[in-house]
Amino acid sequence: MALKIVKGSIDRMFDKNLQDLVRGIRNHKDDEAKYISTCIDEIKQELKQDNIAVKANAVCKLTYLQMLGYDVSWAAFNIVEVMSSSKFTYKRIGYLAASQCFHEGTDVIMLTTNQIRKDLSSPNQYDTGVALTGLSCFVTPDLARDLANDIMTLMSHTKPYIRKKAVLIMYKVFLKYPESLRPAFPRLKEKLEDPDPGVQSAAVNVICELARRNPKNYLSLAPLFFKLMTSSTNNWVLIKIIKLFGALTPLEPRLGKKLIEPLTNLIHSTSAMSLLYECVNTVIAVLISLSSGMPNHSASIQLCVQKLRILIEDSDQNLKYLGLLAMSKILKTHPKSVQSHKDLILQCLDDKDESIRLRALDLLYGMVSKKNLMEIVKKLMLHVDKAEGTTYRDELLTKIIDICSQSNFQYITNFEWYISILVELTRLEGTRHGHLIASQMLDVAIRVKAIRGFAVAQMATLLDNAHLLTGNTQRNGICEVLYAAAWICGEFSEHLEDPMQTLEAMLRPKVATLPGHIQAVYVQNAAKLFATVLRKHDGETESQAAQETSQLLIDRLPLFVQSANLEVQERASCILQLVKYIQKLQQKNVEVAEEVTALFAGELNPVAPKAQKKVPIPEGLDLDAWINEPPSESESEDEKPKAVFAKEEPKHSRSRHTEVDEKELARRREVRKQEQANNPFYIKASPSSQKVYDAPGVEHIPVVQIDLSVPLKVPGMPMSDQYLKLEVERRQKEKAERKKKEKKKKREKRGKERKADSGPESEEDITPAHQVDIVTEEMPENALPSDDDDKDPNDPHKALDIDLDKPLADSEKLPVRTHRPEALKSPAEDRDSESVPQETKKKSGKEKKKDKEKDRKRSKEEKKKKKKHKEVEEELLESQPEEAVQSEETKEAAAPPTSTSAEASDLDFWLSSAPVPPAAQEVTAPSSAAAAVDTSSAAAPESEPDEPKDTEPEDTKSSKHKKKKQKKEKEEKEKKKKKRHHHHHQHHSDAGGEDSVQNGTVEEEEPLPPMSNYSLLAENSYIKMVYDIQGNHQDESKVVVSVIFENKSDSFLKSMEFNVLDSLNSKLQRPEGAGAHDSLTVPFQLPPGVSNEARFVFSVQSIIMPQKLKGTLTFIVKSDESSTHEKLDFKLHFTCTSYLITTPCYSDAYAKLLESGDLKGSSLRLEGINMPFHHLLARICFHHHFSVVERIDSCASMYSRSIQGHHVCLLVKTSDQTVSIDAKCDEPSLLGNVLDEIKQTFSKC
Amino acid sequence: MIKAILIFNNHGKPRLIRFYQYFAEDMQQQIIRETFHLVSKRDDNVCNFLEGGSLIGGSDYKLIYRHYATLYFVFCVDSSESELGILDLIQVFVETLDKCFENVCELDLIFHMDKVHYILQEVVMGGMVLETNMNEIVAQVELQNRMEKSEGGLSTAPARAVSAVKNMNLPEIPRNINIGDINIKVPSLSPF
């Protein structure tokens, strides 16, 4: 035995290690493959040994060979063996090999699940790290499902090294197992505020990656990211966040408005080019999303363009490249601002760097105008000639075509020039884009009627010189052009000068070497040409020419009849027979021209590419419905359908054929013409152009300057340049003429103001060389506008399009292995997954605690004083001891402005909140207005609860709620001990008032009257104050009073100070250090006619009674002449309603609550209520912060919760203008007051 | 997301390949060849971005590379990554290699591909940037190396001695081949 071990280690000594292998390979340069194959044999031997060190060494070598391209999947099992070694050294080798060569198809992956789980929970952080790294490369759906829970636990690991890896890998897990996203998301979100910057960065990374694909689900995180953006100093994180905002802004323009300022600041302040560049990019995205009607953003555009110009002018090619890239984004929405940098961009076209030239090309697209198109294209054509690589040249070609054809040939003034450009492009060797050129030719010839004559002449030349295009088989791509040439010559053959010659060219034997589809077009169009030739010689009796043509066809067509291509064969044989027949007729001197031409009569109109798709399905047509009754199962044979086809169908078709005679046809044609004339979507040929066809003379086309026949036949000569020269001359002439006219006018208008006409020629001044009427593409009537048919259904990210804001259902939790020992579980795991956020929140809460320590010390003294008060109050108000603690909490928490405010406040509110820049808000910390940002005053769309509709099994839900309750109690106890700031992190609890309006009216038809919760506070001739009070769902003893100040005067109001006389029960929260009677400064001034909102936080002890507080607003009225000191008294009315918070409730939990017997009842009757039931509910929801639990006809149950946790349940019934409300609450006086307030609400209307 | 990280030398010989998306081995080699073809024909003073090759990625992907002495470091990334950020990341990675190998040169990468992988694993994980702080990366790598040492390492002392003996017979020891100035030391660029 001992001998064996010794022998093993000696063997090992002589094994090659990785270095030896590499060395060996380097020394066998001539027979590398052979050497490696012997090495692989050795490795196979080594893998057979028991010694794990030998195996690991072998696997290490395999990893190297894998890099060289050798398939090592045969060793997958050995890799798993090495992975499961207990030694870190070997484990690492195993995982590395696995990450290099395992993939979803590797079957041994199944075996690794337990090993990986073991490594993940290893006490050694590097074992865990290595496993995470490896897993990130080969995670499969099965592994993701089985390990999701373990990884989620690791996200709260004590070591940041593990936390950040666990956070990152979650992205891969989400991709493979989308169901894990919702349960894991709350924890992931927490990691955004992890104390370790690496973990934070990882979380940002993952969320950005998720949000990039499905941005709308992550909009609600915008406030949080905004906070990170304004506070983070890590450029990596900043870049990611800024990129993310770029993806979010298109969905929410308000976000863009909010972003502009901080981003502009960053642009000005940062020295990191990468950050600057991303800021510019996102500002551009913002500007695009705001593109309409934001004149004051022109400064931002200018800033961006100016910064980009600096980048482009930089000597660093990378910056130049990126500058151009970003510039092209601006171009789409703000072409004007980019156009002013034309010089710079044209300069970049000459750059030696291809990447930069390509980017500059992109930009050119938006630079062209009628004026400079020819010039720019000329420049590009020069580049085409110079370009050596085919890729760049092809890119140039497509760009030229793109530029010219953009927006319906908008910038082309001379189509002859364009056709010549296209013809010149056909001379490019080896281009792949023959098809593109061909389609342009077709497009222009069909849609620009005036150009047809010229186009046909050019195409005829092309056909004549076809050998130049097809001579080389390598140039295959370009022969597509012949397809277009043949078709154009055939279709518009009336413009051909010598159709006979073209016909001859099309029937040359060489044509048979062309691709089949081109031959088919040749054959078909030869027939068209034949018809034209016949018509030309019509009337000449015994025309020799016509008969010669027929003979030509009969001679040449058999070549095509033999074609291997079916299409060619079929067409050729049809036409051949036809021509033979015609020849017979010709010999009998029968006039045939008319009939033959009729074969090809009719105008072809261009049809939009998506037209077919957009034909709307006529009303009442169900394409899935059976046309005939489906054969019933019992019927033995398909007799019925047989009968249909056998008897009726032939009759129909026969009758169709026989009945349609000439007259009928003529009549129908007439009708159709009529129809077309009345149809606005049918594009008619304009009478002028029709005239041109009748007289195929060319005087309409101003080609006088060029002798067409001569230069075009010389394929090497650049034609388009001539047009450019001509164009310049023409424009100068026109300009001169215009000037003359202008002068005339001036003379007439002498004495009047001078006109500035000497400036640069404007777009409109350039008239097209000839009147072209561009036929627009046909679209079916009522075409459907939808255009979103380009989404890839196979995108793995589609599965991650998951609403993350909906509260978690019970069924949604990560699979946990049940047979695991209970002790191993973290407390978060065995609880309902919903409680996870709270659980982990505590941890991060602890970290925050440290920061607040200082504040607390200061507030301690204050607390001591207040304790005395509290004891008195406790007796007075019989409040529960818990409440006392809570209020103490408040004092503590209210002192520092809540740092997590943005997180809890919902998006809408955040977006619409104070116009004060939020960055500034964070700086001006202790102002109470800022401290109150986290009110719940606005709706919380993300928490829009669908509970009533939920189809979850009932018992699980109620148990959940029970748990929740227990948890709450526990938490409160903990709070006592820890005295830490408390946050509600439940998604449930932050639905706001407006939200519940929707709640009550989900399925209703009738629109609701507008409602506002703001009521008048006080008013005088200078100022009007309205206010609303909302409970703060973050803090159980705070309410937030939002006051809107409106300046009614013509003067400027400033130095507004708000003060309230505190009562024992309710106190205005003042900044630290301020006395109990000091007033608060309103953080803004009011210009005339302006209104603005400020928020004030009040702490309350008891909430069961309504209360009124007296207060005063003092302010200075400043007009031009004087300034006076004014004051306005008011009474703040704290209703019991304002202590209620809209809280959704499951119906089963609601039932449990009512059954529990803890609640005391009361009831209310309202007479003469004359409004729809849903309006009634909506009013209760809106004004009194209730939510509808369930509604059945004219009966609804509603629920709300006070900030101190009292349950309030209502049962509302209505019949004939009488509404009865039965209510239950665990605090009778609170209930009584709420009911009184409800009564008041309805007495008002 | 980073889709792939490729390191190859001036002749296109791969020194490290790391794909974050599965490709079969022959496809991987094709991608390396194509990428090398694209990158190698570019001058040193042109920009470091390339629209992705046809095999890897597509329009959404970019090749971002740096050329140090004899080696090309190529990252294939999608549009969620900041171009300049990745350039800096490459710099961080190379500087880390330089620290870990003490004046890194191509030979270090050739003979210690596994170690380069371990270093890379601390920088990028599963296609996402894990850490950009060089000191942190170096610290983690060193801790792991120390752990390996405490376990005796893969190639223990006797084995190394043997391999030294084995080398005696070789006509040339690659360590001594003069490949000129292949130290991958680049003046530190503007701080990120």
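What follows draws every value from the coordinates through simple rules; no lab data is involved. Treat the numbers as computed from the prediction; the structure is a model and nothing was measured. Here Cβ is always computed from backbone atoms with ideal geometry, including for glycine, and neighbour counts include all displayed protein chains.
Would you please classify the overall shape of the stretch A:1139-1243 from the alpha carbon gyration tensor, given that a ≥ b ≥ c denote the square roots of the eigenvalues, rounded means a/c under 1.5, and beyond that prolate means a/b larger than b/c while oblate covers the rest? Judged from the Cα gyration tensor, the stretch A:1139-1243 comes out prolate (a/c at least 1.5, a/b above b/c). For A:Leu1017, the residues 5 or more places off, or on other chains, whose built amide H falls under 5 Å of its own are A:Met1025, A:Val1026, A:Tyr1027. Counting Cβ atoms of other protein chains within 10 Å of each residue's Cβ and taking the mean over peptide B:117-127 gives 6. Residues in the stretch A:488-519 near a label at A:Gln551, defined as backbone nitrogen under 19 Å from the 7 Å Cα→Cβ point? Backbone N within reach: A:499-509.
The simple spin-label model puts a point 7 Å past each Cα toward its Cβ; for A:Leu585 and A:Thr1112 those points are separated by 11.0 nm. The tail of the calculated P(r) for the stretch B:1-125 beyond 25 Å holds 16 percent of all Cα-Cα pairs.
Counts of other chain beta carbons within 10 angstrom of each beta carbon in peptide A:217-228 average 0. For the residue pairs A:Lys379/A:Lys449; A:Lys307/A:Lys329; A:Lys320/B:Lys41; A:Lys449/A:Lys510, the C-alpha atoms sit more than 22 angstrom apart in A:Lys379/A:Lys449; A:Lys449/A:Lys510.
When the alpha carbon coordinates of the stretch A:525-622 are projected onto the principal axes, the ranges are 58, 36, 21 Å, largest first. Each residue of the stretch A:1054-1070 is assigned a 3J(HN,Hα), and the resulting list reads 9, 6, 6, 10, 10, 9, 9, 7, 5, 10, 4, 7, 10, 9, 6, 7, 10 Hz, derived from the Karplus form 6.51 cos²θ - 1.76 cosθ + 1.60 (θ = phi - 60°), x at Gly and Pro. Inter-chain neighbour count for A:97-105: the average number of beta-carbon atoms from partner chains within 10 Å of each residue's beta-carbon is 3.
Scanning residues 5 or more positions from A:Val72 or on other chains, none has an amide H under 5 Å from its amide H, with H placed 1.01 Å from N in the peptide plane. Cα centroids of the stretch A:73-132 and the stretch A:364-391: 56 Å apart. Of the cross-linked pairs A:Lys370/A:Lys399; A:Lys55/B:Lys13; A:Lys87/B:Lys115; A:Lys91/B:Lys149; A:Lys189/A:Lys243, those separated by over 21 Å at the C-alpha level are A:Lys55/B:Lys13.
Relative protection proxy for A:216-223, A:577-584, from highest mean packing down: A:216-223, A:577-584 (other beta-carbon atoms within 10 angstrom). Applying Stokes-Einstein at 20 °C and 1.002 mPa s to the Kirkwood radius of the stretch A:1-101, computed over alpha-carbon pairs, gives a translational diffusion coefficient of 155 µm² s⁻¹. Karplus-based coupling profile of the stretch A:317-330, in residue order and whole Hz: 4, 5, 5, 4, 4, 5, x, 5, 4, 6, 4, 5, 6, 5, with θ = phi - 60° in 6.51 cos²θ - 1.76 cosθ + 1.60 and x standing for Gly or Pro.
Got the relative contact order for the stretch A:480-635 handy, in percent, Cα pairs under 8 Å and 6 or more residues apart?
Over the stretch A:480-635, the number comes to 21 percent.
Taking amide hydrogens as placed 1.01 Å from N in the peptide plane, the amide H of A:Glu1190 sits under 5 Å from those of A:Ser1197, each at least 5 positions away in sequence or on another chain. Ordering B:26-39, A:598-611 by mean Cβ neighbour count within 10 Å, with the highest value first, yields B:26-39, A:598-611.
Ordering A:Val1208, A:Ser1194, A:Asn1170 by Cα displacement along the dipole of the stretch A:1139-1243 toward the positive end leaves A:Asn1170 in first place; charges were set at the Cβ atoms of Lys, Arg (+1) and Asp, Glu (-1).
Residue-wise HN-Hα couplings along the stretch A:82-93, as the Karplus relation 6.51 cos²θ - 1.76 cosθ + 1.60 with θ = phi - 60° gives them from phi, are 5, 4, 8, 5, 7, 7, 4, 3, 7, 4, 4, 5 Hz; Gly and Pro carry x.
Projecting the Cα positions of B:Thr35, B:His112, B:His67 onto the charge dipole of the stretch B:2-152 (unit charges on Cβ atoms of Lys, Arg, Asp and Glu, taken about the Cα centre) puts B:Thr35 furthest along the positive direction.
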